[in-house]
Each structure stands twice: as C-alpha cells, then as structure tokens.
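Asker: My questions all concern the structure below.
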Amino acid sequence: MSEFLTLTITAMVPFLFVAQGTMLSGRAGIFNVAQEGLMLLGAAVGYVVSLKAGGNVVGLVAAALAGALVGFILSWATTSLRLDQFVVGLALFFLAGGTASLLYRVVIGNDEPPRIAPLPDLVFGQDALVFVAVALSLFLWWWLYRTDAGMRLRSVGENPKAADSLGINVTRTRLWAGTVGAALMAVGGAYLPMVFSGVYADGIVAGRGWLAIALAFFGGWRPQFILAGSAFFAAMEVLAQRAQVSGIGVPHQFVSMLPYVATLVVMVFAFRWALVPQFLGKNYDRESRIVG
Amino acid sequence: MSSDLQEAPTGTVDDVAVAPPLAQRAKSMAYAAIPYVIAVLAAFVVVGVLIAVLGHDPAKAFRAVLTNSFRNETGMVQTVHKWAPLTLLSLAFAIPLGAGRFNIGGEGQMILGSVGAAAVGITMSDLPMVVLLPLVIVVGTLAGAVWAGISAWLMESFHVNEILSTVLLNFVSFEVLDYVASVVWSDPGAGGAVTLPIGDGAVLPGIGRPPMHTGVLLVLLVSVVAAVMAKRSVAGFELRAVGLNERASQLHGIRTGRVAVTSMIVAGGLAGLAGAIEVSGVHQRTLEGIQSNFLLLGIIIGLIARGSLTAVPFVAFGIAVLEVGAGSMQRVSGAPVEIVLILEGLILLFLLMSDVATERLQRARAGRSARRASATATPGAPA
C-alpha cells in the first residue's frame, strides 16, 4: 500500500506543477498552450545545468528562469500586442521544444548521456519537490480565495473591464501571472529527468503537457480540485501499471486506457464544478467598445 | 488617438469605392502576401545566424533543406507523400477552428482511421480491388469521424471541453492501436507493434517512378472541395458565422451547436482519411507511430494559413518541403534537424508580429490621410 502511495505521489508531482501553472495563468486570462514545449525546455535546461553546474537546485532555478522567459514573451505578446493567445502559445511550444533538443544536442552531443544525481529524499522517502508541489497547491488556494490580491487576479480573468475600472492593472497582472505560471511548468518538466529517468530524452514529456491542460479543465481551474484531480489521475495510472504487471486477464492495453477513460467519465458528471474563467484565452482591449 | 480610430474606416471605404475591383483585389492580395514574405525571410535570417553560431554553414544548410524536394523524383514523391496527411490533418484542425472549437485530437482520429482501414484490408483481403479499396478508404474515414464524434457528443451534451476530450482520446487511441497491432492482427515476423499486411486489392495504385500513390490525388480533390465549400456553401457560411460571433448566429437562426458538432465530425473524417491513406498508400499495414508528428505540424500549418482552407494546401507543401529537407540538411551541413522545428515556430511568430506592424502602418496612414482631408476641407482648422 505504501509503495502504491509513493508511486502515485511521484507520478502526481509533475502534473501538479504544470496544471497549477496553467491554472494560475488561466485565472488571469492567459491560456497557455505551450506546456509540452515548456516541460521539454525545463527538462533540458534542468538536466544540462544540473550536470554542468553541479547541483539540482541550480538546475531547477535555471529551468524556472527559462520557463519564466517564455511565459513573459507569451504574456507580453498577448497583452501589449494583443496577439492571439492560442497561436502565440503554439509558436512558443515549437520554439521551446526545438530549443530544448538543440541545447541538449549542442552540450551533450551523441554520446551516452551521464546520469544526474536524483533529488535527495527529505522525509518519508519523498523528495523536497513533492512537499513544495502540495504546499504550492494549498498556498494557491489560500492566496486566490482568501486574500485581496488573489481576488484581484481572479477578477482579471473573469471580467477585465470591471477590474480595470476598479484600478487593477490588467496588463501587469497578466504579465506576472503568465510568467510565474510558465516558470512552474518548466519546473514540472525539470522534475522528470531529476526523479524519473536521470537523463534527458526528446520523448521524455510524452504528452504530459497536454494532459496537464486537461487536468486544469478537470479541476475546474481551482487549485484544490486540481490537487485532487491530479492525485486521482496519478492513482489511476499507477493502478493501471500494477494491473498490467500482475495480470488480471484483461489485455494490458485496455487497463492502460483506464486513467484517460476514467477522467472523461468523471468529467461527464462534473459539469457543475467544471467552470472555466470567463476571459480565458481572450485578450483585453481597454479601448474596445464592444461590451463583454 | 481615438479620433484616428474613428476616422480610419471612412478612408478605407472611400478607397474601395474609387479603385477598380480587379486592381483593388490584386493590391489587397499583394498586401496579404507581405507579412508572409517578411515572416519567412526574418525566420530564415534568425535561424541562419543560429546555424552560424553553432559553427555550421547557413548557406549550405538552407540549400540542402530547400532543394532536397526538387532535385530528383524521389525527393518530390517523398514531399507529396508527406503533403497528403499534413493537408488533411491541417484541415481537421482548421475546420473546427472556424467554428471556434479546438480539435487537438487529429492524431487519435488518424490512428482510428488507420485501424479501421487495416481491419477491413486484413479481414477482407480476398475481395477484388473495385470493392475493397473504396471500402478501406470509407471505413477509415468513418472510424475517424466516429472517434471525433465522441468528443463532439461530450462537448454538446455534457459541456465537456473539447480540448480535454480530444487530448484524452488521443492517449486512448494509442492503446487501441497497440492492441490491434500487437494482439489482434499482429505480424509475428515484424517484431514490434505492426499488423499483418493488407490485401493486394486494398493498396492504392501508384503512378510514375518512383511510384506516387494515388491518395495524393484524392487529397488534392478533398482540399479543393473543402476550400470551395468554405467559401461558397451554406455550411461554410454558417461555420464562419459561428466562429465570428456565436451569439449573433444563434439569434439569426443558425443552430450553432449542430454546426460545431458537424465541424468536429467532418474534421475527424478527414483525419481518419489521412490514416486510411497512410495504411493503403504508404505502409500497406498499420503500425505503432503511424501518426508521426502530423498533428502538431497540421496545427501549425492551420495557424500559418490563418484558418483559410484555401491557403492550407500551399502552406502544407512548404512545411512538407522543410520536413523532407531536414534530414538532408543534417547530413550535408551538420546543422541539427531541430533547427527546422525552430524555423517553423519562428515563421508563425513573425507572421503574427508582422500583422501587428502592418496594422499599425495602415492605421497610421489612414489617420494621416484623414487629417490631411480635414485640413484641406477647413483650412486653418487644428488637425
């Protein structure tokens, strides 16, 4: 049982970082779709810097900074230039993904990649980032729903015009929320080589970025439900792996479908809590006369 | 600033009334081409600098990447074989996008199409070609449409976000393919998740040497029909109307939900067709990884084409040239293949940026001419 719990928690952490980052940007109205690329970038930067500068902490910080840069470009292009969020996000996804492979190729080349030291265990056999991820989720819940600043951020994603008229700086809010959100996504990516594999590979993210977007919708763009949803999804994944190993008479492919199908089924019954920020993915033009 | 904005439209309307239609059209087409030219050039310049910084020869790299498709027949056939699925998957993204829906499930729909096509091609391999080949293509298309139909149904009946459902169904489709290719019709000699070959009657005939499969012509036909439908048919009009303003369309009697659902199902059918063509024309079986990276390239093509179904096949050709040339670039100049990914992302980003630039330029010019007009009308009045 405790092994099941450990596996679940480890599988949950990258989803948690990326989905909470998506949520944070999204609640301010920035719909980031570059997760897959940002995770790849975080993984490559985290791996390369940890290897060359020695130390996971430096690697994590570097990954976060790289992600923040991409997030800032996204937020700036969609606020100051008011470019389409989806299009810019996908362009940055390509750029970040390409840069990640390129960085790896230039620094490591085609040699056998050396493994980096895994993150050390803190307590209960869990590494520090596990606690950071859970604490972050709880903090985000408290901050968004129990503080003034959090309410202001949510108001920017719900009705920027009203927020603007109350003196909230919509552009600045979106800039920092998009930047911090993308930094969290890159940290989620950096977790993969540091805990799962020890090395970087181009296929390391394997669709987790897209799944994290799905989890943000699954959690109704609320930190506490995203925490619960990520735990549910990760548990399903581990359960499927378990069933696959022990063999239960069903072809393992069907067992592997379980997490995805279960998430869809839950979603069908979840339409009451599955709210989406009103201005998600929409740019705000202060001068526009169209209401809404 | 705000007075510029108000006066700008008046100036444009005058221009339209005065200029002859044909010249006007040529002019507006030229204007539309400018951002593309700027974006492509700028992307090549930036990537060229990057290649030089990495210590390779940019001229050599670009020559390799751009000429590989045109040097001989093999390159050309490779390019059009890549072009066919890219065009279909790009249409599968662009059509729902017209109705404001995001279909990220093209790859799952394509996989299901390939599974459907292979299932027919393997189990009914004895049928003659006249029956089997159309059956393979149709079943593949339908399988893709049904797969997208699940997302469309969840979206319409349960308000499940289509990004969520299409992404999740992609992952389910990988498992379906794995089951079919390594359990049901597994080819024991192949080693890996590969099915048995389909019957001879299910293979798309090839033309020329090296043979180009006739699926390319089918895709050409489909893309022409799609482009004409989008511009000239009621369905195309409704699709655009819903995408532009869903509420207004609903008030004017368009059943918006049905338009969105139909657009998703049509998209799934096109992606499924891509799967069937890959099975019937290229691999003669279905196998793990048949979807390649067509989904992402399809999305980026749809976005570079700005959702215009007419532009999609042309942009798809350009991307197919880059993709086919990437390998040869690495061989000839040593510049890594990832460069091409960066190049594609930059083209899209610069295209958006140059949109902003042209818009500001036009606005500034319209404002200037409006000010001049008001100055001549009332001399001495403050502009």
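The values are calculated or read from the model by the stated rules, or taken from the named source; none is laboratory data. Please read these numbers as outputs of a predicted model, since none were measured by experiment. Note: ideal-geometry Cβ built from the backbone for every residue, glycine included; neighbour counts use all protein chains shown. Surface areas here come from the heavy atoms of the whole protein model, side chains and all, with no ligands, DNA or RNA. Shrake-Rupley method; radii C 1.70, N 1.55, O 1.52, S 1.80 Å.
Asker: Name the pairs: first residue in the range B:42-54 and surrounded by 17 or more Cβ atoms within 10 Å (Cβ to Cβ), second residue among the polar types (S, T, N, Q), Cβ to Cβ under 8 Å, at least 6 apart or on different chains?
Answerer: Here the result reads B:Ala42/B:Ser354; B:Ile51/B:Ser333, each pair linking the range B:42-54 to a residue that is among the polar types (S, T, N, Q).
Asker: Can you work out which of the residues in the range A:229-265 that are within 11 Å of another protein chain (Cβ to nearest Cβ) and assigned to a loop (DSSP other than H, G, I, E, B) is least open to solvent (accessible area, probe 1.4 Å)?
Answerer: Checking each candidate, the answer is A:Pro251.
Asker: Ok, one more. Scan the range B:182-216 for residues that are hydrophobic (A, V, I, L, M, F, W, C) and within 18 Å of B:Gly275 (Cβ to Cβ) and jot them down.
Answerer: B:Val184, B:Trp185, B:Ala193, B:Val194, B:Leu196, B:Ile198, B:Ala202, B:Val203, B:Leu204, B:Val216
Asker: Related question: Quick one: B:Arg371 ticks every box in (1) within 14 Å of chain A (Cβ to nearest Cβ); (2) open to solvent by 80 Å² or more (accessible area, probe 1.4 Å) except a single one, so which number is it?
Answerer: Among (1) within 14 Å of chain A (Cβ to nearest Cβ); (2) open to solvent by 80 Å² or more (accessible area, probe 1.4 Å), B:Arg371 violates only (1).
Asker: Is one or more of the residues making up the range B:271-281 in contact with a Gly (Cβ under 7 Å, 6 or more places away or on another chain), modelled with pLDDT of 85 or more and open to solvent by 20 Å² or more (accessible area, probe 1.4 Å)?
Answerer: Within the range B:271-281 (the criterion being in contact with a Gly (Cβ under 7 Å, 6 or more places away or on another chain), modelled with pLDDT of 85 or more and open to solvent by 20 Å² or more (accessible area, probe 1.4 Å)), the answer is no, since none of the residues qualifies.
Asker: Could you figure out which of (1) more than 10 Å from every other protein chain (Cβ to nearest Cβ); (2) of a type outside the set (Phe, Trp, Tyr); (3) over 19 Å from B:Ala64 (Cα atoms) isn't true of B:Gly318?
Answerer: Checking B:Gly318 against (1) more than 10 Å from every other protein chain (Cβ to nearest Cβ); (2) of a type outside the set (Phe, Trp, Tyr); (3) over 19 Å from B:Ala64 (Cα atoms), the one that fails is (3).
Asker: May I ask you to say which residue of A:Ala216, A:Ala190, A:Ala206 is within 14 Å of chain B (Cβ to nearest Cβ), closer than 26 Å to A:Ala117 by Cβ and either surrounded by fewer than 23 Cβ atoms within 10 Å (Cβ to Cβ) or of a type outside the set (D, E, K, R) (or both)?
Answerer: None of the other options fit; the residue is A:Ala206.
Asker: Among the listed residues B:Phe174, B:Phe158, which satisfies the condition of being farther than 22 Å from B:Leu309 by Cα and touching a helix residue (DSSP H, G or I) at 6+ places or on another chain (Cβ under 6 Å)?
Answerer: Step by step, each of B:Phe174, B:Phe158 is checked, and only B:Phe158 is farther than 22 Å from B:Leu309 by Cα and touching a helix residue (DSSP H, G or I) at 6+ places or on another chain (Cβ under 6 Å).
Asker: Has the range B:325-346 got any residue that is of a type in the set (Asp, Glu) and more than 10 Å from chain A (Cβ to nearest Cβ)?
Answerer: No, because not a single residue in the range B:325-346 is of a type in the set (Asp, Glu) and more than 10 Å from chain A (Cβ to nearest Cβ).
Asker: Could I ask something else about it? Of the numbered conditions (1) more than 14 Å from chain A (Cβ to nearest Cβ); (2) at pLDDT below 90; (3) farther than 30 Å from A:Val106 by Cβ, B:Ala84 satisfies every one except a single condition; which is it?
Answerer: Looking at each condition in turn, B:Ala84 falls short on (2).
Asker: Can you go through A:Ala19, A:Ala44, A:Ala77 and tell me which one is open to solvent by less than 20 Å² (accessible area, probe 1.4 Å), farther than 16 Å from A:Tyr200 by Cα, over 15 Å from the mean Cα position of the chain (by Cα) and not aromatic (Phe, Trp, Tyr)?
Answerer: A:Ala77
Asker: Among the helices (runs of 4 or more DSSP H) contained in the range A:1-83, which hold 1 or more residues that are touching a Phe, Trp or Tyr at 6+ places or on another chain (Cβ under 6 Å) and either farther than 19 Å from A:Ala228 by Cα or among the small types (Gly, Ala, Ser) (or both)?
Answerer: A:2-27, A:35-49
Asker: Here's a follow-up. Which one is farthest from B:Val184 (Cα to Cα), of the residues in the range B:99-114 that are open to solvent by 20 Å² or more (accessible area, probe 1.4 Å) and assigned to a helix (DSSP H, G or I)?
Answerer: B:Glu107
Asker: From the list B:Ala17, B:Ala33, exactly one residue is away from chain A (no Cβ under 14 Å), loosely packed, with under 11 Cβ neighbours inside 10 Å and modelled with pLDDT of 50 or more. Which is it?
Answerer: B:Ala33
Asker: Any residue in the range A:116-133 that is within 14 Å of chain B (Cβ to nearest Cβ), assigned to a helix (DSSP H, G or I) and open to solvent by 60 Å² or more (accessible area, probe 1.4 Å)?
Answerer: no
Asker: Regarding the range A:266-280, can at least one residue be identified that is more than 22 Å from B:Ser157 (Cβ to Cβ), assigned to a loop (DSSP other than H, G, I, E, B), open to solvent by less than 10 Å² (accessible area, probe 1.4 Å) and more than 10 Å from chain B (Cβ to nearest Cβ)?
Answerer: Yes: one or more hits.
Asker: Something else about it: Residues of the range B:146-172 being crowded, with 24+ Cβ neighbours inside 10 Å, among the small types (Gly, Ala, Ser) and more than 9 Å from every other protein chain (Cβ to nearest Cβ), which ones?
Answerer: Result: B:Ala148, B:Ser151, B:Ala152.
Asker: Pairs only if they're at least six apart or on different chains, beta carbon under 6 angstrom, first in the range A:128-139 and within 15 Å of A:Thr10 (Cα to Cα), second modelled with pLDDT under 90 and buried (at least 17 other Cβ atoms within 10 Å of the Cβ); list them, first residue then second.
Answerer: Pairs that qualify, where the first residue is within 15 Å of A:Thr10 (Cα to Cα) and the partner is modelled with pLDDT under 90 and buried (at least 17 other Cβ atoms within 10 Å of the Cβ), are A:Val130/A:Ile9.
Asker: Here's something else I'd like to know. Name the single residue, out of those in the range A:102-115 being charged (D, E, K, R), in a loop (DSSP other than H, G, I, E, B) and under 14 Å from A:Val48 (Cβ atoms), that is farthest from the other protein chains (Cβ to nearest Cβ).
Answerer: Top of the filtered list is A:Arg115.
Asker: Surrounded by 21 or more Cβ atoms within 10 Å (Cβ to Cβ) and in contact (Cβ under 8 Å) with a residue 12 or more places away in the chain: is that true of B:Ala143 in this structure?
Answerer: Judged against the criteria, B:Ala143 is a match.
Asker: So which of B:Gly345, B:Gly307 ends up being more than 28 Å from B:Pro205 (Cβ to Cβ) and not assigned by TED's automatic domain parsing to the domain that holds B:Leu196?
Answerer: Of B:Gly345, B:Gly307, the one residue that is more than 28 Å from B:Pro205 (Cβ to Cβ) and not assigned by TED's automatic domain parsing to the domain that holds B:Leu196 is B:Gly345.
Asker: Condition (residue is open to solvent by 60 Å² or more (accessible area, probe 1.4 Å) and either part of a helix (DSSP H, G or I) or not assigned by TED's automatic domain parsing to the domain that holds B:Glu344 (or both)) applied to the range B:89-98: is it met by at least one residue?
Answerer: no
Asker: Please report, ordered by residue number, the helices (runs of 4 or more DSSP H) entirely within the range B:272-381 with at least 3 residues that are more than 29 Å from B:Val77 (Cβ to Cβ) and free of Cβ contacts under 8 Å to residues at least 40 places away in the same chain.
Answerer: Result: B:338-377.
Asker: Is it the case that B:Leu132 is modelled with pLDDT of 95 or more and open to solvent by less than 20 Å² (accessible area, probe 1.4 Å)?
Answerer: When the stated conditions are applied, B:Leu132 does not pass them.
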